[in-house]
1. Taking only Cα atoms and a 10 Å spring cutoff, compute GNM fluctuations for chain A and point out the largest among A:SER58, A:SER14, A:SER85.
2. Taking all protein chains in place and a 1.4 Å probe, what share, in percent, of the accessible surface of chain B do carbon and sulfur account for?
3. Could you state how much accessible area is buried at the A-B interface, both sides summed, with a 1.4 Å probe, in Å² to the nearest 100?
4. Can you tell which of A:THR106, B:HIS81, B:LEU39 lies farthest toward the positive end of the dipole of the protein assembly as shown, using +1 and -1 charges on the Cβ of basic and acidic side chains (Lys, Arg; Asp, Glu)?
5. Could you give the size of the charge dipole of chain A about its Cα centre, using +1 on the Cβ of each K and R and -1 on the Cβ of each D and E, expressed in debye and rounded to the nearest 20?
6. Short version: ³J(HN,Hα) in whole Hz for each residue of the stretch B:2-18, in order, from phi by Karplus 6.51 cos²θ - 1.76 cosθ + 1.60 (θ = phi - 60°), x for Gly and Pro, what are they?
7. Let me spell out the model: positive unit charges on the Cβ of Lys and Arg, negative unit charges on the Cβ of Asp and Glu, origin at the Cα centre of the protein assembly as shown. What dipole size does that give, in debye rounded to 20?
8. Compute the projected area of the convex hull of the Cα atoms of the protein assembly as shown, averaged over all viewing directions, and report it in nm² to one decimal place.
Amino acid sequence: GNSVTQMEGPVTLSEEAFLTINCTYTATGYPSLFWYVQYPGEGLQLLLKATKADDKGSNKGFEATYRKETTSFHLEKGSVQVSDSAVYFCALTSNAGKSTFGDGTTLTVKP
Amino acid sequence: DTGVSQDPRHKITKRGQNVTFRCDPISEHNRLYWYRQTLGQGPEFLTYFQNEAQLEKSRLLSDRFSAERPKGSFSTLEIQHTEQGDSAMYLCASSPPPSGRNYNEQFFGPGTRLTVL
């Protein structure tokens, strides 16, 4: 079956530091890949997505590139802010539509 | 577009009681999903509807769980004889039809947090 493995957290960074959260996946077919963010007490919000190999998703300074050869979709941001503190989930969606999620990575950004 | 809504947002119940949650998807979305999220974990797939048809159920969905989408619009998830292990956040998501824009994207509701005492 499909699976998603995320870099274990928690991750603590100082403001303006560079962020990388690793994500690798196993899947049959050609899944779409997503990063979601969850702020305390809130639901999942889509952060960015990529639907085919070599696509780059980007939003709010975050980026991730769909790498089929390494089955990866690492999340990066050049300069994090305190407001980026949240839990980040990597996910893939199969052609059937259901999503498979990683276990999440908690990011804390200190001023 | 009011987004996916779920009701109630929080539910506290005693072990052995039955509970029912409701999800209202985005109106033009024909696909609807239920997930369960426990603390420190990512959401886990429970079941999936296309219109009113329940097309897939996870092994996580024991006989005590039942989901319906009677008219292809809102959906309900019922848990009978709740156990403490059922305590979790129950998330609903919807997707547009394959011909629609963003067809492979899921739009999540805020979730219903269930606590079983």
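The values are calculated or read from the model by the stated rules, or taken from the named source; none is laboratory data. In this text the structure is predicted, and so the values were computed from the model without any measurement. Neighbour counts are summed over all protein chains in view; Cβ atoms, including those assigned to glycine, are modelled from backbone coordinates with ideal geometry. Side chains are part of the model used for accessible areas, which takes the heavy atoms of the whole protein and leaves out ligands, DNA and RNA. Shrake-Rupley method; radii C 1.70, N 1.55, O 1.52, S 1.80 Å.
1. Greatest mean-square fluctuation among the candidates belongs to A:SER14.
2. Details: 2720 of 6050 Å².
Heavy-atom surface of chain B belonging to carbon and sulfur, 1.4 Å probe: 45 percent.
3. Details: alone 6030 and 6800 Å², together 11320 Å².
Roughly 1500 Å².
4. Of the options given, the answer is B:HIS81.
5. My answer is approximately 300 debye.
6. Rounded to whole hertz, the list is 9, x, 7, 10, 9, 8, x, 7, 9, 9, 10, 9, 8, 3, x, 7, 9.
7. Roughly 380 debye, rounded to the nearest 20.
8. On the way: hull surface 49.9 nm².
Its average projected convex-hull area is 12.5 nm².
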